[in-house]
1. Tell me which residues, restricted to the range 264-291, are open to solvent by 30 Å² or more (accessible area, probe 1.4 Å) and either part of a helix (DSSP H, G or I) or more than 25 Å from Leu56 (Cβ to Cβ) (or both).
2. Any residue at all in the range 291-306 that is among the β-branched types (Val, Ile, Thr) and modelled with pLDDT of 90 or more?
3. Name every residue in the range 148-174 that is touching a residue at least 40 places away in the same chain (Cβ under 8 Å) and either part of a loop (DSSP other than H, G, I, E, B) or open to solvent by 40 Å² or more (accessible area, probe 1.4 Å) (or both), in order of residue number.
4. Which one of the conditions (1) closer than 15 Å to Ile389 by Cα; (2) touching a helix residue (DSSP H, G or I) at 6+ places or on another chain (Cβ under 9 Å) does Ala80 fail to meet, given that it meets all the rest?
5. Quick one: Ile250 ticks every box in (1) modelled with pLDDT under 70; (2) open to solvent by less than 70 Å² (accessible area, probe 1.4 Å); (3) not basic (Lys, Arg) bar one, so which box is it?
6. Can we say Ser28 is surrounded by 10 or more Cβ atoms within 10 Å (Cβ to Cβ), under 30 Å from Leu88 (Cα atoms) and at pLDDT 70 or above?
7. Do the conditions hold for Val234, that is, is it in contact with a Ser or Thr (Cβ under 7 Å, 6 or more places away or on another chain), open to solvent by less than 30 Å² (accessible area, probe 1.4 Å) and modelled with pLDDT of 95 or more?
8. Within the range 92-105, track down each residue that is open to solvent by less than 40 Å² (accessible area, probe 1.4 Å) and out of contact with any helix residue (DSSP H, G or I) (no Cβ under 6 Å at 6 or more places or on another chain).
Amino acid sequence: MSAFATKPEFLNIMKEHTSSPTPTLGSSLLNTALSSRANVPTPASSGSTSVDNLALQGGFRYGEITSISGPHGTGKTTIAFHAVASHLLGKLKGEVAIIDTSGTFSPVRLRDVLAARLRDQRQRTTYHQSGYVYAKQPAESEPVTEGLIQEATALLDRVKVMRVFDVAGLIEAVTEVAEICEQRTDSDVEKGVRRRVAVADSEDGLSEDEDREASVTEKPAEESGPRDHDTMLVQDETIGMVLIDTIANIFGPLNTKSQVQGQALLTSFMRSVRHLTMGRQICTILINGVVGLGSSKYTRYQRRYGDDVSIFSSVAGKPALGKSFTYLIDTSIMLSTMPKTKEDADFAYADNSEGRQAHRCGIFEVLYDRNATRAESWAAFEVVDGVHIKSMHVEGA
């Protein structure tokens, strides 16, 4: 008997071990999509109104993966910390997971950002309650008090920091986040708490246990009164935001050693991150590096025409981890700096600047958006004291 099966035998074997996919009605998929969109919470603020309105069109979105790349000192971590502060202040019991791959996480810096946001929040509330709705904010903000510092320190109890060193540790950290979310959901099911279970890519992505869980916890609409959309989400009382700082530290060396193996590991890891992000409606922020900032003596590493991806001709470089990484995320953002005024530009780009240091501002630029609504949008900002994000108005923009 031949060791190789004939074509009819092969087809019979395939029929025995495979099953045809069950078709799903388009109306069912539409209802799922509309329900998911209606229950998406308010995006997390970057700390700058100009960045939120002009570039992000609201802020960092939940259920999406956002990558922030840029050279050192452009404000990547500061903006990410403001997004963390927005989540902690906007969700009464919301938690944040920070995965630190570089050992540079500063709890003091995060506490200071939280204290500053608490102060700004109190000032807006005071003006509103006093009736001065249209009054301008004072030019100089009030100092942060010791009471605000204590409140900010208490908020750090809802921040889980994980220190990792390699791919295995990074995968374990993301798996632990997923297990924490799953445990919280299972606990709420036992207590009879109503929770919304989001569908990732399709209904086939749900396991039998998750499908059973959804049917057990679902209640008729007439039994529950109108509720705020945010209170119906899984991330309200569990981890609702994940920050990885930085992902390039882990996968960059792997791509250098073996690009094929490195890209394979990166793709597999990003699939698990996407499943967690969409399934739990988590706001995932990845800090990334940039490449191509300077010239190299090696031909293969020299900058070529078309390498720069910014809409500004003076901004060099592109996000690290290769072009394929862009298609594994939802939004790609690059931060850079530019001279603040025409006079600063004359000093910055002149051959003889006479030792004068040009003042620069930050540029927040959206390179790629999966929904194709924010690409090439940008805004100017300024980081003050390493904590505050100051919005800047650009004439003619």
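1. Ala264, Leu265, Thr267, Ser268, Arg271, Ser272, Arg274, His275, Met278
2. Initial filter on the range 291-306 (among the β-branched types (Val, Ile, Thr)): 291, 299.
This time we only want the ones that are modelled with pLDDT of 90 or more, so: none.
Within the range 291-306, none of the residues are among the β-branched types (Val, Ile, Thr) and modelled with pLDDT of 90 or more.
3. To start, the set of residues in the range 148-174 that are touching a residue at least 40 places away in the same chain (Cβ under 8 Å) comprises 152-153, 155-156, 158-167, 170-171, 173-174.
Once the filter is applied, which keeps residues that are touching a residue at least 40 places away in the same chain (Cβ under 8 Å) and either part of a loop (DSSP other than H, G, I, E, B) or open to solvent by 40 Å² or more (accessible area, probe 1.4 Å) (or both), the range 148-174 yields Thr153, Leu156, Arg158, Lys160, Val161, Arg163, Val164, Phe165, Asp166, Ile171.
4. (2)
5. If we test Ile250 against (1) modelled with pLDDT under 70; (2) open to solvent by less than 70 Å² (accessible area, probe 1.4 Å); (3) not basic (Lys, Arg), just (1) comes out false.
6. On the way: surrounded by 10 or more Cβ atoms within 10 Å (Cβ to Cβ): yes; under 30 Å from Leu88 (Cα atoms): no; at pLDDT 70 or above: yes.
Taking the combined requirement at face value, the residue does not satisfy it.
7. Details: in contact with a Ser or Thr (Cβ under 7 Å, 6 or more places away or on another chain): yes; open to solvent by less than 30 Å² (accessible area, probe 1.4 Å): yes; modelled with pLDDT of 95 or more: no.
No: the conditions fail for Val234.
8. Ile98, Asp100
The values are calculated or read from the model by the stated rules, or taken from the named source; none is laboratory data. Keep in mind the model is a prediction, meaning the values are calculated, not measured. Virtual Cβ from ideal backbone geometry, glycine too; neighbours counted across all protein chains shown. All accessible areas refer to the heavy atoms of the entire protein, side chains included, with ligands and DNA or RNA removed. Shrake-Rupley method; radii C 1.70, N 1.55, O 1.52, S 1.80 Å.
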